[in-house]
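Heads up: the structure comes next, in structure tokens.
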Amino acid sequence: MQFANSLITLTTDFGCDSPYVASMKAAIFAVHDEARVIDVTHSIPPQDIARGALVLAEVTPQFPPGTLHVAVIDPGVGTARAIVYAEIGRQRYVCPDNGLLSRLAAKNEPTRIRAVANPTYWHHPVSATFHGRDVMAPVAAHLSRGLAPEHLGPAQSDLVRIAWPEAHILPGNIVGEVESVDSFGNLVTNISAEQLAGVPTEETTRIVCGEHETFGIFRTYDDQPAMTLIALIGSSGKLELALVGDSAAAMLGEGVGSEVSIVW
Amino acid sequence: MQFANSLITLTTDFGCDSPYVASMKAAIFAVHDEARVIDVTHSIPPQDIARGALVLAEVTPQFPPGTLHVAVIDPGVGTARAIVYAEIGRQRYVCPDNGLLSRLAAKNEPTRIRAVANPTYWHHPVSATFHGRDVMAPVAAHLSRGLAPEHLGPAQSDLVRIAWPEAHILPGNIVGEVESVDSFGNLVTNISAEQLAGVPTEETTRIVCGEHETFGIFRTYDDQPAMTLIALIGSSGKLELALVGDSAAAMLGEGVGSEVSIVW
Amino acid sequence: MQFANSLITLTTDFGCDSPYVASMKAAIFAVHDEARVIDVTHSIPPQDIARGALVLAEVTPQFPPGTLHVAVIDPGVGTARAIVYAEIGRQRYVCPDNGLLSRLAAKNEPTRIRAVANPTYWHHPVSATFHGRDVMAPVAAHLSRGLAPEHLGPAQSDLVRIAWPEAHILPGNIVGEVESVDSFGNLVTNISAEQLAGVPTEETTRIVCGEHETFGIFRTYDDQPAMTLIALIGSSGKLELALVGDSAAAMLGEGVGSEVSIVW
């Protein structure tokens, strides 16, 4: 892995435009004035570790090798939950060890994990309620300046892993669910392009979500007339349900957790 | 035009704080690690090309010469709609050729237009649904590194143009409409300071919006008591209706498309 | 104070993701292409100077020495209200002289104040309604390039100060109020850790907010079962009321200005 990279990304549940994010940036610049900080999102629903894990898995692998990703969805802040440093693929992560890296680690085993335990690189006094600012931000800043990860704390053999709903693949039938809803109201499922490899894209294939159905798997949002419900493979490589020119989530009344089945 | 500029701005309809924006930034940094990325806004209403064209025209000309502006309001993503590179004034643009540059081009004819057609500078595999990440972001990053635009694709003679409502100027009477509403609730019209050049600012001039009226054209938001409806020339050089200390849009129940007339 | 710092932060009431913010950034880069601009927040409620003053006091002192903080909550834009440059602690500020620096200045007397009166460093023509873009942004950019503050305008002996509610400390009893609500719905009071120094943290201490009460002062958000109302010292060193795993503001129906009393 190449470590000469001053990029640090932030993913939190602090809320869009929260001054808490600016406090983390201040803590980073206080240690490493040349760092470059990029927001992934701060709109993870409060304390929703599963959603944070999903966004990290979809967005962070695309950054240049060695980028440091700090994720603060941390309902257990100040308690005995650990903070970890991990290298996964060509990326580096600093976050609470609460499952946030589960989805990344499921695709790609971590090649190095260290506990973040050495207070030398923290901001003091350390508050009991904001380790994003007082521990994770300064640690990431030190790493981006070149600190070797072995100084952070002892090696650790694994990460906390959380499960998430997987699609069920049967002959002629796949049952999955909506995993996220994007800002266009597209219903993004947990059914991947790989899982759909043998499924015909013709109109003989029926996709059902709640009381709604559509036939065939299309290529673009514009392949059918306005207000038509269509299924397609979205940009994250997963089956989506979209309403041409409008919000499928709003019009169908469906959302995260809604069952989606494919029959052919 | 001076091209030694590593600034890239982003204007999209992805929604405030969307992880899709972070994916575009990752795609930029993957090509040009030294790029500097600035958000114009990601709150363009979904697929609202007219609103995107307006924001681009108001904000982007103020950036340093040679800045690259990437705009992704792209209802036709993945279809036959083209992607273009254009130079307008001292700025550079990469966006779908769907009218997004209409308002800029109406003020200032483009001096160079190229189709973005050469896949050499794209991120592969190219998804059918996210050309912002897979085509426009990497192309902008290559340009900001110094790639000559002629490598992008063939020269093109014009851009797709869309119309928008223009104010009607009559003797003693101008009829326009609300073109946008800002976050303070000010109703910004399509009536420009130039069009108002001969209109008296005294209280003999009457401004009407729906069932509401106000007299005279003021200079600042603070020229009348709180909760007074006033007309003034706003910071984008257009007539605005404002409610002193509150939201005109909320209190008047008016918004984009509401007719505004001036009589004197 | 060390001035070799290209960081400029922005705090405004323009609304999250407003294109007006991008206009300020364009104005900064037009003067100083190497500036680095960080958003503190743009979600200050419109024209809420008191809230702006609070956020500036909590976030800006953490930045590297010499960072320039531009704050635009400016209901009097275009009127006779002044614009100031001030040095407070190791930070530098450019903002309307309307009380925005009151809370910072109460903790730490300004060491230098200049009126921003010399139009040489402004963007012309200066609009009557957007001095953030036309005056404050370019002035900050010039300062970050090394302009000596004495060129901005005459020295000034003091700043406009506004008052804010202070907690009342009595023997066995403190009465304060909710000063802000964060994005988790935590009710942050104006009662500081210093003011609580002699107060027992045991359950003999009773904290009351409206019709709700809780006993004892805890250390973390996770010290009690889900949906329990707890009091703790938050990351800004103030007493907070939090609902474990949920929003105290939403569940209690309390907000800014609600009385909070402590009895022991």
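Take the residues of the stretch C:207-223 that are part of a strand (DSSP E or B) and under 27 Å from C:Leu54 (Cα atoms): which is most open to solvent (accessible area, probe 1.4 Å)?
C:Glu213
Suppose we filter the stretch B:10-47 for residues that are hydroxyl-bearing (Ser, Thr, Tyr), more than 7 Å from every other protein chain (Cβ to nearest Cβ) and in contact with a Ser or Thr (Cβ under 7 Å, 6 or more places away or on another chain); how many remain?
Final tally of qualifying residues: 1.
Is it fair to say C:Asp182 is buried (at least 18 other Cβ atoms within 10 Å of the Cβ), acidic (Asp, Glu) and closer than 28 Å to C:Phe29 by Cα?
Working: buried (at least 18 other Cβ atoms within 10 Å of the Cβ): yes; acidic (Asp, Glu): yes; closer than 28 Å to C:Phe29 by Cα: no.
The answer is no for C:Asp182.
Do the conditions hold for B:Phe3, that is, is it at pLDDT below 95 and more than 14 Å from chain A (Cβ to nearest Cβ)?
Working: at pLDDT below 95: yes; more than 14 Å from chain A (Cβ to nearest Cβ): yes.
The answer is yes for B:Phe3.
Is it the case that the stretch C:204-217 has a residue that's within 22 Å of A:His131 (Cα to Cα), within 13 Å of another protein chain (Cβ to nearest Cβ) and in contact with a Gly (Cβ under 7 Å, 6 or more places away or on another chain)?
no
Got at least one residue in the stretch A:123-139 being of a type in the set (Gly, Ala, Ser) and more than 14 Å from every other protein chain (Cβ to nearest Cβ)?
Applying the first criterion (of a type in the set (Gly, Ala, Ser)) to the stretch A:123-139 yields A:127-128, A:132, A:137.
Then keep just the ones that are more than 14 Å from every other protein chain (Cβ to nearest Cβ); that gives none.
Checking the stretch A:123-139: not a single residue is of a type in the set (Gly, Ala, Ser) and more than 14 Å from every other protein chain (Cβ to nearest Cβ).
What number of residues in the stretch B:247-264 are surrounded by fewer than 17 Cβ atoms within 10 Å (Cβ to Cβ) and closer than 21 Å to C:Pro45 by Cα?
Of the residues in the stretch B:247-264, 4 are surrounded by fewer than 17 Cβ atoms within 10 Å (Cβ to Cβ) and closer than 21 Å to C:Pro45 by Cα.
Condition first: touching a helix residue (DSSP H, G or I) at 6+ places or on another chain (Cβ under 6 Å) and open to solvent by 30 Å² or more (accessible area, probe 1.4 Å). Can you find one or more residues in the stretch B:63-81 that meet it?
no
With respect to the numbered conditions (1) farther than 19 Å from A:Asp39 by Cβ; (2) among the aliphatic types (A, V, I, L, M); (3) surrounded by 19 or more Cβ atoms within 10 Å (Cβ to Cβ), which one is the sole condition not fulfilled by C:Val55?
Going through the list (1) farther than 19 Å from A:Asp39 by Cβ; (2) among the aliphatic types (A, V, I, L, M); (3) surrounded by 19 or more Cβ atoms within 10 Å (Cβ to Cβ), C:Val55 breaks only (1).
On the given criteria, is B:Ala163 within 30 Å of B:Val84 (Cα to Cα) and of a type outside the set (S, T, N, Q)?
yes
Looking at (1) outside any helix (DSSP H, G or I); (2) within 13 Å of A:Leu68 (Cβ to Cβ), which is the only condition A:Val178 fails?
(2)
Looking at A:Ser43, A:Ser6, which one is surrounded by fewer than 20 Cβ atoms within 10 Å (Cβ to Cβ) and among the hydroxyl-bearing types (Ser, Thr, Tyr)?
A:Ser6
Consider C:Arg145 carefully, then state whether it is in contact with a Phe, Trp or Tyr (Cβ under 7 Å, 6 or more places away or on another chain), open to solvent by 30 Å² or more (accessible area, probe 1.4 Å) and not β-branched (Val, Ile, Thr).
When the stated conditions are applied, C:Arg145 does not pass them.
Filter the stretch A:142-166 for residues that are touching a Leu at 6+ places or on another chain (Cβ under 9 Å) and farther than 17 Å from A:Ala117 by Cβ and give the result.
Answer for the stretch A:142-166, where residues must be touching a Leu at 6+ places or on another chain (Cβ under 9 Å) and farther than 17 Å from A:Ala117 by Cβ: A:Ser144, A:Arg161, A:Ile162, A:Trp164.
So which residues in the stretch C:108-129 are of a type in the set (Ser, Thr, Tyr) and in a helix (DSSP H, G or I), if there are any at all?
C:Thr120, C:Tyr121, listed by residue number.
If the requirement is being open to solvent by 60 Å² or more (accessible area, probe 1.4 Å), among the polar types (S, T, N, Q) and either within 14 Å of chain C (Cβ to nearest Cβ) or over 27 Å from A:Ala30 (Cβ atoms) (or both), which of these qualifies: A:Asn98, A:Asn108?
Checking each option against the conditions leaves just A:Asn108.
Determine whether the stretch B:27-34 contains at least one residue that is farther than 30 Å from A:Ala57 by Cα and of a type outside the set (Ser, Thr, Tyr).
no
Failed condition for A:Thr204, given (1) in a loop (DSSP other than H, G, I, E, B); (2) open to solvent by 60 Å² or more (accessible area, probe 1.4 Å); (3) without any contact (Cβ under 8 Å) to a residue 60 or more places away in the chain, with all others met?
(3)
Would you pick out the residues in the stretch C:48-70 that are acidic (Asp, Glu) and within 11 Å of chain A (Cβ to nearest Cβ)?
Hit for the stretch C:48-70 is C:Glu58, nothing else.
Return yes or no: is B:Ser236 at pLDDT below 95 and in contact with a helix residue (DSSP H, G or I) (Cβ under 6 Å, 6 or more places away or on another chain)?
yes
If you go through the stretch B:111-132 one residue at a time, how many are of a type outside the set (Val, Ile, Thr), open to solvent by 50 Å² or more (accessible area, probe 1.4 Å) and more than 20 Å from B:Ala27 (Cα to Cα)?
1
In the stretch B:152-175, which residues are touching a residue at least 60 places away in the same chain (Cβ under 8 Å), open to solvent by 60 Å² or more (accessible area, probe 1.4 Å) and either outside any loop (DSSP other than H, G, I, E, B) or among the β-branched types (Val, Ile, Thr) (or both)?
Result: B:Val160, single match.
Say whether the condition of being without any contact (Cβ under 8 Å) to a residue 60 or more places away in the chain, assigned to a loop (DSSP other than H, G, I, E, B), open to solvent by 20 Å² or more (accessible area, probe 1.4 Å) and of a type in the set (A, V, I, L, M) is met by at least one residue in the stretch C:224-237.
There is at least one residue in the stretch C:224-237 that is without any contact (Cβ under 8 Å) to a residue 60 or more places away in the chain, assigned to a loop (DSSP other than H, G, I, E, B), open to solvent by 20 Å² or more (accessible area, probe 1.4 Å) and of a type in the set (A, V, I, L, M).
The values are calculated or read from the model by the stated rules, or taken from the named source; none is laboratory data. Every value quoted in this text rests on a predicted model; they were computed, and no experiment measured them. Ideal geometry is used to build each Cβ from the backbone, glycine not excepted, and the neighbour counts take in all protein chains shown. Each accessible area value is taken on the protein alone, full model and side chains, heavy atoms only, with ligands, DNA and RNA left out. Shrake-Rupley method; radii C 1.70, N 1.55, O 1.52, S 1.80 Å.
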